[in-house]
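Following: one structure in structure tokens, then a few remarks.
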Amino acid sequence: TTNTQKQRIVIIPSPGMGHLIPLVEFAKLLHSHHFLISILLPSSSPPTTAQTTFLATLPPAISHTFLPPVDPTLLPPTAFHSVIIYHIHLNSISSVRSALVSLSNVVAVVTDLFGTDYFDVARETGIAPYMYFTSNAFCLSFVSRLPKLDETVPFPFPYQCLEHPLVLPGCVPLNGKDFDQPTLDRQSEEYKLELYHSRRYNLAEGIFINTFFDLEPGALHGLKSDDVIRTSIYPIGPIIQSGSDDGDNVTLSWLDRKPPGSVLFVSFGSGGTLSFQQIKELAIGLEKSGLTFLWVVKAPDDESACGSFFGSQNQQHDYNCFDFLPKGYVERIKDRGLLVPFWAPQVNILAHESTGGFLTHCGWNSILESIVYGVPLIAWPLYAEQRMNAVMLNKGLKVALRTNDNERGFVGADEIARVVNVLMNGEEGEKARDRMKELSEAAKKATSEGGDSTKVISQVALKW
Ligand code: UDP
């Protein structure tokens, strides 16, 4: 077929690297099925270096367009990233509509869980809307039941005090304190938005989930066998970043000089930030552990656990001096600790044989990347659905250890030193590592020829 006959898929990721990366990787996969791809990028600020570097890896046949940036004065003054994203999308609807009208042969619009308002725009222009759920089946199961829970469970959510955890079909039991972050305050705007989007899920023609059958058989069965989600569900993962060779060579050559499996990788994703107090405890804990570590350090934020979500705050700081770390720290740990400011080539690090463990904030992309490369985890959830992910990893899949908070509500240095040593050298760590290796094999199988996820994608491609 020539380009004029080819079908086109329009992909609209929400702002934030945790949305951009999986949707762009999905775009690459669809491109390999001979679709034309147009990526539309809503935003309210100029792209970050991480974004532009990542988008530069796109093959020329996949086009991307930055939509006219939304005037920041139109955005509400709020700390909730989901609320800001919602307003960015609302103010980008007319640009999306014009783009859809001007593009030819569009058969599907794929957006993520915050972009449900584009479903209507797609329908208006005669195009089928799809959602790409950037988290797992467990989380989809929870969020899709939220409207029902909201109607039946009295205000405010009493799960914290309930004797029984919530058991979703085929899922690991979930205590109230581990519910996803917006639900912890039912008065909050982000909770109302989560409900709003959740009520719209069935307006999509289908929902892609970045998971695979052997990872979440129970949750996927559960989703398919009741009638909460009444549209098609397509588990197509794991789809992860391919990694790059033009990235940060200093970090990778540092890893090259370390023995296999000896390095603990520490990172809180694109958005995660720790308080001033917590970052100090982490620094001292890593030092006390006696282990070799590679830590992606972001400036502390006492207000928010996702202080660098839009990439702005930390990037504008030139904080190579790391002056928020304990005095003399950088000098003391320099022989066995590498501190990388703000952003590191995570996939290359996880793929590296020197990496033996990962202390992670439990963002779903980070988890899938760890699964693909068989790296066992310490779960340190911060925001969004990360607490749910931590429960699934620790209690369900048994591939992650947990830290305990002290009575003052943060994780102390001694506890950090203890847990990282168990992961890297203890029996429990060894078990988690073995389990991860099994999952890694299962992941490879799912995405190989004839694998579960490959078959699902082929079916959809055929339908389109
Ligand atoms: N990432 C990276 N380098 C960093 C931090 C993050 O490459 O220093 C990538 C990471 O590999 C993952 C994504 O950014 O693909 C973060 O997504 P995730 O869902 O783990 O967390 P989020 O940032 O959305 O909370």
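Tabulated results
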{"read-out": "Number of the condition not met by residue 87 [criteria: (1) over 17 Å from residue 15 (Cα atoms); (2) modelled with pLDDT of 95 or more]", "value": "(1)"}
{"read-out": "In the stretch 195-217, the residues that are within 20 Å of the chain's Cα centre (by Cα), among the hydrophobic types (A, V, I, L, M, F, W, C) and under 15 Å from residue 23 (Cβ atoms)", "value": "207, 208, 209"}
{"read-out": "Selected residue [among the aromatic types (Phe, Trp, Tyr) and farther than 24 Å from residue 296 by Cα] from 364, 464, 380", "value": "464"}
{"read-out": "Matching residues, the stretch 1-41, being touching a strand residue (DSSP E or B) at 6+ places or on another chain (Cβ under 6 Å), modelled with pLDDT under 95 and within 16 Å of the ligand (Cβ to nearest atom)", "value": "19"}
{"read-out": "Residue count for the stretch 331-362, restricted to those that are touching a Leu at 6+ places or on another chain (Cβ under 9 Å) and not in a strand (DSSP E or B)", "value": "11"}
{"read-out": "Test for residue 202: is it within 27 Å of residue 343 (Cβ to Cβ) and either of a type outside the set (A, V, I, L, M, F, W, C) or more than 16 Å from the ligand (Cβ to nearest atom) (or both)", "value": "no"}
{"read-out": "Residue in the stretch 349-368 that is more than 7 Å from the ligand (Cβ to nearest atom), farther than 22 Å from residue 393 by Cβ and touching a strand residue (DSSP E or B) at 6+ places or on another chain (Cβ under 7 Å) present", "value": "yes"}
{"read-out": "Failed item in (1) of a type outside the set (Asp, Glu); (2) over 27 Å from residue 341 (Cβ atoms); (3) within 16 Å of the ligand (Cβ to nearest atom), with residue 58 passing the rest", "value": "(2)"}
{"read-out": "Some residue of the stretch 3-15 being surrounded by fewer than 23 Cβ atoms within 10 Å (Cβ to Cβ) and among the small types (Gly, Ala, Ser)", "value": "no"}
{"read-out": "Count - residues of the stretch 1-49 that are part of a helix (DSSP H, G or I) and under 19 Å from residue 239 (Cα atoms)", "value": "15"}
{"read-out": "Residue that is surrounded by the most Cβ atoms within 10 Å (Cβ to Cβ), among those in the stretch 260-289 that are within 18 Å of the chain's Cα centre (by Cα) and part of a strand (DSSP E or B)", "value": "265"}
{"read-out": "Hits in the stretch 393-412 - residues which are touching a residue at least 40 places away in the same chain (Cβ under 8 Å), touching an Asp or Glu at 6+ places or on another chain (Cβ under 8 Å) and of a type in the set (A, V, I, L, M)", "value": "411"}
{"read-out": "Residue tally, condition surrounded by fewer than 17 Cβ atoms within 10 Å (Cβ to Cβ) and outside any helix (DSSP H, G or I), over the stretch 189-232", "value": "5"}
{"read-out": "Out of 134, 57, sole residue that is in contact with an Asp or Glu (Cβ under 8 Å, 6 or more places away or on another chain) and within 22 Å of residue 10 (Cβ to Cβ)", "value": "134"}
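One line per residue, one yes/no per condition, for (1) surrounded by 19 or more Cβ atoms within 10 Å (Cβ to Cβ); (2) under 15 Å from the mean Cα position of the chain (by Cα):
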{"residue": "349", "(1), (2)": "yes, no"}
{"residue": "360", "(1), (2)": "yes, yes"}
{"residue": "378", "(1), (2)": "yes, no"}
{"residue": "388", "(1), (2)": "yes, yes"}
{"residue": "399", "(1), (2)": "yes, no"}
{"residue": "435", "(1), (2)": "no, no"}
{"residue": "444", "(1), (2)": "no, no"}
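The values are calculated or read from the model by the stated rules, or taken from the named source; none is laboratory data. All of these numbers come straight from a predicted model, not from anything done at the bench. Ideal geometry is used to build each Cβ from the backbone, glycine not excepted, and the neighbour counts take in all protein chains shown.
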